[in-house]
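In what follows, a structure is listed as structure tokens, so that the remarks can point back to it.
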Amino acid sequence: MHKKIILLLAAALGLTLAACGKTATQNPVSSPKPATQKVLAQTDNTWQGTKYLSINVSKKGQLGKRSLQQQGAGLVTVSHGGKLDLGQGQQSYAAFKYQSSLNQVGATGKTKQYTLAQLNANLKAAHAGIKLTKISDLVFFKGNRLGYVVHKNNLYALALSYSYGTTGANDALYLYTRSGLTAPKKHLTDAQLNGRWSPLDTQESDASVLVQDGMLYRSENNGMFVFRTRVQDLRKLPAKQLYTTQFLSVLGTAANSGYAMPKATTRGANTNEYTYLFLTPTKMVKIGNGSVQTFTKSASTYSTIPAAFVHTLAQTANYKGLVPAVINQTGTNYFVGYYNTINGLTEAWLQNSTQTKTVDAQGKLVK
């Protein structure tokens, strides 16, 4: 009798262990790559650098202590439609390794590749909450030496190799987040933006700006000079025209001040010094020089910006590829300054390309 009981217990235990083994086999650690690619394929995401992982490396290439540190202001990247920043497309891990090997030709420093276990240790030290099943779980971009993985609202950019030969630290990982940034929630039309906008913190006459028919006008010297720049509609711009070095610079400044500029909803203007970002039909922020100034649409029609200046600039044609951008009066005529662009969000203003001409009240050149 006792022998039968023992045999039955052994059989039951065997079935339990077999079931556990089967469950473990059916539930392996899943690759984070599909989730990463899904997020990167979205229209756009602004990622602000918040922390980085530093790792001590001995002269012989042995890894030491890992330290997660705060990232200084200025590190921003943007993903859009499966691409990164200026439009770098994705590539396979095999292509990445091949390009990395070419980069090592002629190099004098010593480098080692991180193993899968070491990469996972770096993710763990960054409190990522994910684990790679293989190195190709990372997403790689052309011309970029890092591998990327997304988890929730964080983007992790991992170095695949580290240098050694002299005692020192290597940056092993960069942590970005897409949360915590304020962005326009709805797309705004020209009609919604038209009007006088005034800052909440000053009554200076030149501080207000005028928006009319997709242009932002601002004055200097109590209206003696009037400048204009286009209120750009990012939704209308193709990716190649939008994701420029200029836009990434503007976007970085905005992100460091707590603002994002998504393609679908952003209406904004840039004067090379400041960015004007419209958040709602009645609220706008002016970003630049490390500060943010809030503007609201004013019911008052008073403005130091003469209507005649606005009319003349609007009537003045381009001159030899340059755009009329600044105006002041001389007698019954006007001096007009021409710039290479008034699309300041996406195109850089080149100071050496300016021209000045005299025009009449209808914007016709005066000979």
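What the table shows:
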| item | result |
| --- | --- |
| Any hit, segment 63-73, residues being within 30 Å of Tyr243 (Cα to Cα), in contact (Cβ under 8 Å) with a residue 40 or more places away in the chain and out of contact with any Lys or Arg (no Cβ under 7 Å at 6 or more places or on another chain) | yes |
| Meets criteria (among the acidic types (Asp, Glu), at pLDDT 95 or above and out of contact with any strand residue (DSSP E or B) (no Cβ under 8 Å at 6 or more places or on another chain)) for Asp233 | no |
| Any hit, segment 160-175, residues being of a type in the set (Asp, Glu), under 27 Å from Lys60 (Cβ atoms) and surrounded by fewer than 21 Cβ atoms within 10 Å (Cβ to Cβ) | yes |
| Meets criteria (surrounded by 15 or more Cβ atoms within 10 Å (Cβ to Cβ), part of a loop (DSSP other than H, G, I, E, B) and either at pLDDT 95 or above or among the aliphatic types (A, V, I, L, M) (or both)) for Leu277 | no |
| Given (1) assigned to a strand (DSSP E or B); (2) over 23 Å from Thr43 (Cβ atoms), number of the condition Ile287 does not satisfy | (2) |
| Matching entry among Gly223, Gly268 (being at pLDDT below 95 and closer than 20 Å to Gly195 by Cβ) | Gly223 |
| Hey, Phe247 over 24 Å from Val76 (Cβ atoms) and in contact (Cβ under 8 Å) with a residue 24 or more places away in the chain or not | no |
| Among residues of segment 131-154, those that are surrounded by 20 or more Cβ atoms within 10 Å (Cβ to Cβ), in contact with a helix residue (DSSP H, G or I) (Cβ under 8 Å, 6 or more places away or on another chain) and either outside any helix (DSSP H, G or I) or of a type in the set (Val, Ile, Thr) (or both), counted | 8 |
| Residue that is assigned to a strand (DSSP E or B) and among the basic types (Lys, Arg), where the choices are Lys240, Lys263, Lys297 | Lys297 |
| Residue ID - surrounded by the most Cβ atoms within 10 Å (Cβ to Cβ), chosen from residues in segment 236-274 that are more than 16 Å from Asn45 (Cβ to Cβ) and among the aliphatic types (A, V, I, L, M) | Ala269 |
| Some residue of segment 93-110 being surrounded by fewer than 16 Cβ atoms within 10 Å (Cβ to Cβ) and in contact with a helix residue (DSSP H, G or I) (Cβ under 8 Å, 6 or more places away or on another chain) | no |
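Residue-by-condition table, conditions (1) surrounded by 18 or more Cβ atoms within 10 Å (Cβ to Cβ); (2) farther than 29 Å from Ser257 by Cβ:
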position	(1), (2)
Phe295	yes, no
Ser298	no, no
Thr304	yes, no
Ala307	no, yes
Thr312	yes, yes
Gln315	no, yes
Tyr319	no, yes
Val323	yes, no
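The values are calculated or read from the model by the stated rules, or taken from the named source; none is laboratory data. Model, not experiment: these values are computed from the prediction. With ideal geometry, Cβ positions are generated from the backbone for all residues, glycine too; neighbour counts draw on all protein chains shown.
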